[in-house]
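A short worksheet on the structure shown next.
Derivation of every value follows stated rules applied to the coordinates shown; laboratory data play no part. Every value quoted in this text rests on a predicted model; they were computed, and no experiment measured them.
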Amino acid sequence: MTSDLVLEKLLQEEHVDRRLFLKAGLTLSATVLISTVGIAPVCAAPRNGRYKFSLHNMHTGDSYEGLYRVGNHYLPEAFEEINHALRDHRTGEVFPIDPRVIDIAATVHRLSGSRKEFQVLSGYRSPKSNRKLRRKSSGVAKQSLHMSGQAMDLKLPDVSNNRLRELAIKLRAGGVGYYPRSGFVHVDSGKFRTW
């Protein structure tokens, strides 16, 4: 069903819930973005062209495991689940996650040889949450890419954080931050830089 047909069907309902309508619009917008934006590949595709990803949000307990991309096509249904799993755990806000940051994390995971799911400490972060964290820590960027759904703080139980950092740096696909005292690695889909 095309996005126009979905919106038309919603509008034909007798009572359209405003939140449902806005959520449908956001989901459809994200779907169009995911389907039409030319995203440069992070590295060579898996042999079968099927990209998988698995995560466990350490704050909410939500998980995602499965395909998120086939060839050059991102799966909107997968991103609905990923967006929900990576929501701001402080406010409950859901925001579209940049497919490229998922590509980066999935590639690092594949290169690491891990059989475990990523443990995610932070995905999307609302501006309100970001301000609150900045007041507590100097390590939180004012213009954090978490606020635009382009960053994740993560770790793997069977791979050292130092190894994750090395693999992410070798990709040169986005930002890589190493937080040994806090026990995680930050990856984002911004310009390549390290700290």
Given Cα pairs under 8 Å that are at least 6 residues apart, what percent is the relative contact order of segment 37-194? 20 percent
Tell me, what ³J(HN,Hα) does each residue in segment 123-130 have, in order and in whole Hz, if you take phi through Karplus 6.51 cos²θ - 1.76 cosθ + 1.60 with θ = phi - 60° and put x for Gly and Pro? x, 5, 9, 5, x, 4, 5, 4
Sequence order, segment 175-183: Karplus ³J(HN,Hα) from phi using 6.51 cos²θ - 1.76 cosθ + 1.60, θ = phi - 60°, Hz rounded, Gly and Pro as x, gives x, 9, x, 10, 10, x, 5, 8, x
Provide the per-residue ³J(HN,Hα) series for segment 70-80, in order, calculated from phi with Karplus coefficients 6.51, -1.76, 1.60 and θ = phi - 60°, each as a whole number of Hz, with x at glycine and proline positions. 10, x, 9, 10, 7, 9, x, 5, 5, 6, 4
